[in-house]
Structures are given as structure tokens and as C-alpha cells.
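Report on the following structure.
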Amino acid sequence: MKLCHRLFQSSVGAKMLMAITGLMLTGFVLVHMSGNLILYAGPEKFNAYAHGIKSLGALLWLMRGGLLATFVLHVYLAIKLTIENKAARPVPYAYEATIQATAASRFMIHTGLMMLVFVIYHLAHYTFKIVSPEISALAPGDAYAMVVTGFSSPAVSGFYILAMAALSAHLRHGVSSLFQSLGLYHGNLNPITEKLGPIVASIVFFGFSSIPLAVLMGAIK
Ligand code: HEM
């Protein structure tokens, strides 16, 4: 209990927790993307996969609870650290050019909050099915038809692709910097961890975005 309290209070501890929760969320994103790519194998395979997940029963609820707790903790710490950093330097830098940071690192809180908005929309869209009447009218269990119907709208697909760009920018910096927060950023690890962020970011962007694009182009129907 005391250790937990100390982790939250110290900014190094908070950064470590950010890194651990960030790593777990990245793991979820990669697994979710791989699962979504089964769409290319056709409706039977994708619906069987979606059905397999639903039949995990209590284990699924345990995983959902863990995912939600991880996400809430990550967002809470991000807001807390941003507020503390602002309070430590109330006057912004006079010259942006003097800040040795990439655009991806300076916009972490913005791309992160975009993800929060996206996840709320995404759950309303596909999990709670309250965004579109076409989706709520579909037979339960037809996850394939749900994704195809959802992405048949260019506006919805455009929004998803924009959100994937924000997620990609977030991971580009986040994945590389989490090793530093965990104290694993040693001399010869640098070249690997520096490249890992951009590599994961590109895989996630192209993997996810290919789906709305494939639906719009009629390759998935
Ligand atoms: C092209 C992009 C994506 C597609 C096609 C997609 C598809 C889906 C589908 C079909 C579901 C299941 C809905 C259900 O039957 O209950 C789902 C759930 C979910 N997705 Fe995505 N997704 C995409 C991107 C993302 C991204 C980028 C994230 C996170 C950053 C995300 C987070 C989630 C979460 C948290 C759930 C709820 C899981 C659960 O109900 O246990 N998705 N998604």
C-alpha cells in the first residue's frame, strides 16, 4: 500500500507506471490489430474469431476490467504529470526552436486525449452499437457485417484513419521513451529502442487503416 502511494506521489514512479501501463496498452493494440486483420480471411473466419472471444465468458470480463483499469490509470497519470510539469514551468519557452523535442513528443497529451475521444466513440460504435441505426439492426454475432457497414461511410472511415494517425504519432514517441522511463535506456540499447517506436507506429497505422480503406475500395465487402 505504502509502495503504491509512493509510486503515485513521485514523478519518477508516476513515469514508470505510465511506461508499464503504456506497454500493456500497446500489447492490446497489437493483439487487437492482428485479430482485426482476420477480416481479410472472410466473414466465416472473422465471425468465428469474434465468437471465440465472446465465449471466454468470465475470463473476457476479467480481461476487460484489467484493460479498463490500465487505460484509466494511464490517462490519469498523463493528466497529473502534464499539470505538474506546467506548474513547474509556468512561463512557456520563448523560442519553440530551443526545445530539443520532436513534434511527436511535444504532442503526447494531445494525441493521447484524441485517443480517449476515439475509444469512447469506438465503443459506442461497435461494442454498444448506439451510433448508427444500420449497425444496431444487424443480426447479433455478425461482427464482419458490422465492420463493413460501419466503414461503408467515408466520413466514419476518414475519422478512423485520422484517429489511427494520432495513435501512430502517440506510439512513435511513447514506445521509444518507455524504455527510458523504465531505466532500460543504456548505451547500446539506444539504436534499437529509438527505431522501435517508429516501427510499431507504422505497423499500427497501416495495419488498422488498411481496413476502412479496403472496405471503401470494395476489397472487403
Ligand atoms: C480499423 C480499426 C479498428 C477496427 C476495425 C476495430 C474493431 C473492433 C471490433 C469489431 C470490436 C468488437 C465489438 C464487439 O463485438 O463487442 C472492437 C472492440 C474494441 N476496440 Fe477496436 N477496432 C479498431 C481500432 C481500435 C483501436 C485503435 C483501439 C484502441 C486504441 C481499439 C480499442 C477497442 C476496445 C477497447 C474494444 C472493446 C473490447 C471489448 O469489448 O472487450 N480498437 N474493435
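Rule-based calculations on the coordinates, nothing more; no lab input. As the structure is a prediction and not an experimental result, all values here were calculated from the model. Neighbour counts are summed over all protein chains in view; Cβ atoms, including those assigned to glycine, are modelled from backbone coordinates with ideal geometry.
Computed from label points 7 Å out along Cα-Cβ, the spacing between residue 203 and residue 10 is 3.2 nm. Listed by chain and number, the lysines whose alpha-carbon sits under 19 Å from that of residue 54, ignoring those within fewer than 8 places in the same chain, are 45, 129.
Quick one: dipole size for the range 2-216, taken about the Cα centre, charges +1 on Lys/Arg Cβ and -1 on Asp/Glu Cβ, in debye to the nearest 20.
With only Lys, Arg, Asp and Glu charged at Cβ, the dipole is about 620 debye.
In this structure, residue 49 and residue 102 have a Cβ-Cβ separation that, at R0 = 41 Å, corresponds to a calculated FRET efficiency of about 0.65.
Bridgeable aspartates and glutamates around residue 15 (alpha carbons under 20 Å apart, same-chain partners fewer than 8 residues away excluded): 84, 194.
With n ≥ 4 as the cut-off for DSSP H runs, can you work out [θ] at 222 nm for the chain, using -39500 (n - 2.57) per run divided by the number of residues, rounded to the nearest 500?
Dividing the helical sum by the residues of the chain leaves -24500 deg cm²/dmol.
Stretching residue 217 away from residue 142 to a fully extended chain increases their span by 24.9 nm, per 0.36 nm per residue minus the current alpha-carbon distance. Fully extending the segment from residue 121 to residue 32 would add 30.4 nm, taking 0.36 nm per residue of separation and subtracting the current Cα-Cα distance. The orientation-averaged projected area of the convex hull spanned by the Cα atoms of the chain comes to 15.1 nm². For the range 115-127, putting each phi into the Karplus relation 6.51 cos²θ - 1.76 cosθ + 1.60 with θ = phi - 60° gives couplings of 5, 4, 4, 4, 4, 4, 4, 4, 5, 5, 6, 9, 8 Hz, in residue order, rounded to whole numbers and with x for Gly and Pro.
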